[in-house]
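Have a look at the structure below, then the notes.
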Amino acid sequence: MFQIGDLLFYGTNGVCRVSEICSSPFDSADTRSFYKLTPISDHSSLVIYTPVDNVQVVMRPLISKEEAEALLSRLSAIEKVAVAIEKHRKEAYRETIREGAPEGFVSIIKTVRARRELFRKTRRRIPDLDNDFEYTAKQCLYGELSAVLGIAREEIHRIVSEGIAEAQ
């Protein structure tokens, strides 16, 4: 169980801080405990209430500094998202995002980067689907690495971009 003040990774909202542990704000008959989460990269007043025992959305501790450094050192070894049938691409991306693993975010970023280059060479426009999932993957990955390593998101972007470029 997380404690007040802890940082955690929560679904596509990325890194959030536990600001409170409370009863249900929606139903007084609900006896479950809830986390009140505040996304750290969202500068709006967004607040998320989720049951402590939620299994529908990935809610996990942040990776360690050592795991983050290891991930950055092996960017070139992480495989792209494999899609045998193009119309299954959306589901493959969705499942990768749903898993909430940093390696999966890198896989999506690498896949979309390669596809963007292919589409550029053939003078076609990359589908919005790719851009949307790449954006989500970058937000989640860069937010977590930034929080764990204490490095600005822009610097994380540069490090990841360079690491991926070396692999291709």
### Query
Out of (1) more than 14 Å from the chain's Cα centre (by Cα); (2) among the aromatic types (Phe, Trp, Tyr); (3) in a strand (DSSP E or B), the odd one out for PHE2 is which?
(3)
### Verdict on HIS157 being in a helix (DSSP H, G or I), on the phi < 0 side of the Ramachandran plot and loosely packed, with under 14 Cβ neighbours inside 10 Å
no
### Task
Sort through VAL148, VAL57 and tell me the only one that's assigned to a loop (DSSP other than H, G, I, E, B) and either within 15 Å of the chain's Cα centre (by Cα) or of a type in the set (Phe, Trp, Tyr) (or both).
VAL57
### Task
Starting from residues that are in a helix (DSSP H, G or I) and either of a type in the set (Gly, Ala, Ser) or assigned by TED's automatic domain parsing to the domain that holds GLN56 (or both), keep the ones in the range 90-135 and report whichever is modelled with the lowest pLDDT.
ALA114
### Task
Those residues that are closer than 18 Å to GLN56 by Cα, part of a strand (DSSP E or B) and among the small types (Gly, Ala, Ser), I need them from the range 22-36; list them, please.
SER33
### Query
Would you say ALA29 is in the same structural domain as SER146 (by TED's automatic domain parsing) and among the aliphatic types (A, V, I, L, M)?
no
### Task
Within the range 147-164, count every residue that is of a type outside the set (D, E, K, R) and in contact (Cβ under 8 Å) with a residue 40 or more places away in the chain.
7
### Query
Looking at the range 73-107, which of the residues that are aliphatic (A, V, I, L, M) and closer than 30 Å to MET1 by Cβ is surrounded by the most Cβ atoms within 10 Å (Cβ to Cβ)?
VAL106
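The values are calculated or read from the model by the stated rules, or taken from the named source; none is laboratory data. Every value quoted in this text rests on a predicted model; they were computed, and no experiment measured them. Note that each Cβ is placed from the backbone with ideal geometry, even for glycine, and that neighbours are counted across all protein chains shown.
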